[in-house]
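Enquirer: Below you'll find the structure I mean.
The values are calculated or read from the model by the stated rules, or taken from the named source; none is laboratory data. Computed from a prediction, not measured in an experiment: that's the story for all the values here. Positions of Cβ are backbone-derived with ideal geometry, glycine not excepted, and every protein chain shown enters the neighbour counts. Only protein heavy atoms, including side chains, enter the accessible area calculation; ligands, DNA and RNA are left aside. Shrake-Rupley method; radii C 1.70, N 1.55, O 1.52, S 1.80 Å.
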Amino acid sequence: MTHFTDAEIQTRRDLASLYRLVAHFKMTDLIDTHISARIPGTPDHFLINRYGVLFHEMRPEDLVKIDPTGAAVEAKDTTERVNAAGFTIHSAVHMARHDLACVIHTHTADGIGVSCQEEGLLPISQHALKFYGHLAYHDYEGIALDLDERDRLVASLGPHRAMILRNHGLLAAGRTIAEAFLNIYFLERACQAQTKALSGGQKIIYPPVAVRERTADQFNREDGLEHAQMAWESALRLIA
């Protein structure tokens, strides 16, 4: 990686670590989900996994640098495959939301389960309240191979950093890789809590609206990036 900039080398290292952390927390679906990160200082170049590499084995050199058209930037990567649906989803967000550095898409059982429920994510847990008023939804259109869907994905996401893809799974993004990790972690935990709560067959308690709003504000305070970085650095020790 000697010909890469320092910023790209660090992004590759952090993104490879994120892949392994997602595997550690069992948020994988064999080879069929994806995580991407924008390379600072480049004209919309971003890194995504080489198709076929499992998350737990991801290394910095397994990441393919592509441009907004999906073409490999590095000559050595021109024969490498990337997930076509992954390109559609991630390029849509990266091209439209320059405030976001990292995008994560998962197909977990609990995430899919909640995505199939008409009311979506319920405001019934502290984890879910992080996203109260800050969560988008996108209707299922089939496997995301149609580039025309990119405009609709972006429109659905709006100003948010998390979205439930109906009948499909979860998407979380962040201004940093650390923030994206914390967002997918909380969104996944919120879905896990919801599926368990609904399976109990008992009446669900909903916090008052004022409490929901207050909790969301507490989560989304100005020091959120600092907290995300602290959580990220702690999580990295799990895969050291």
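Enquirer: Test of understanding: among LYS26, LYS65, which residue is within 19 Å of the chain's Cα centre (by Cα), of a type in the set (D, E, K, R) and at positive phi?
Expert: LYS26
Enquirer: Does the stretch 139-165 hold any residues that are over 24 Å from THR69 (Cβ atoms) and either open to solvent by 40 Å² or more (accessible area, probe 1.4 Å) or in contact (Cβ under 8 Å) with a residue 24 or more places away in the chain (or both), and which are they?
Expert: Hits for the stretch 139-165 are ASP139, TYR140, PRO159, HIS160, ARG161, ALA162, ILE164.
Enquirer: Among what's in the stretch 104-120 and is outside any helix (DSSP H, G or I) and more than 16 Å from the chain's Cα centre (by Cα), pick the residue that is surrounded by the fewest Cβ atoms within 10 Å (Cβ to Cβ).
Expert: Among residues in the stretch 104-120 that are outside any helix (DSSP H, G or I) and more than 16 Å from the chain's Cα centre (by Cα), the one surrounded by the fewest Cβ atoms within 10 Å (Cβ to Cβ) is GLU118.
Enquirer: Just checking, how many residues over the stretch 10-31 are surrounded by 14 or more Cβ atoms within 10 Å (Cβ to Cβ) and either β-branched (Val, Ile, Thr) or modelled with pLDDT under 95 (or both)?
Expert: The total comes to 4.
Enquirer: Any idea which residue in the stretch 227-240 is modelled with the highest pLDDT, counting only those that are among the small types (Gly, Ala, Ser) and either more than 27 Å from LEU21 (Cα to Cα) or loosely packed, with under 10 Cβ neighbours inside 10 Å (or both)?
Expert: Ranking the qualifying residues of the stretch 227-240, first place goes to SER234.
Enquirer: Name the residue, out of THR79, THR42, THR69, that is under 20 Å from ILE143 (Cα atoms), at pLDDT below 95, assigned to a loop (DSSP other than H, G, I, E, B) and open to solvent by 10 Å² or more (accessible area, probe 1.4 Å).
Expert: Result: THR69 is the single residue among THR79, THR42, THR69 that is under 20 Å from ILE143 (Cα atoms), at pLDDT below 95, assigned to a loop (DSSP other than H, G, I, E, B) and open to solvent by 10 Å² or more (accessible area, probe 1.4 Å).
Enquirer: Do any residues in the stretch 197-212 that are closer than 14 Å to GLY133 by Cα and assigned to a helix (DSSP H, G or I) have Cβ atoms under 6 Å from those of residues that are aliphatic (A, V, I, L, M) and open to solvent by less than 70 Å² (accessible area, probe 1.4 Å), where the two are at least six apart or on different chains, and which pairs are they?
Expert: Pairs found: ARG212/LEU129.
Enquirer: What's the number of the only condition in (1) open to solvent by 40 Å² or more (accessible area, probe 1.4 Å); (2) more than 17 Å from the chain's Cα centre (by Cα) that HIS134 fails to meet?
Expert: For HIS134, the failing item is (2).
Enquirer: Another one. Do you know which of the residues in the stretch 82-92 that are outside any loop (DSSP other than H, G, I, E, B) and either out of contact with any helix residue (DSSP H, G or I) (no Cβ under 8 Å at 6 or more places or on another chain) or open to solvent by 10 Å² or more (accessible area, probe 1.4 Å) (or both) is modelled with the highest pLDDT?
Expert: HIS90
Enquirer: Pick from the stretch 201-226 the residues that are surrounded by 14 or more Cβ atoms within 10 Å (Cβ to Cβ) and hydrophobic (A, V, I, L, M, F, W, C): which of them is farthest from GLU179 (Cα to Cα)?
Expert: ALA216
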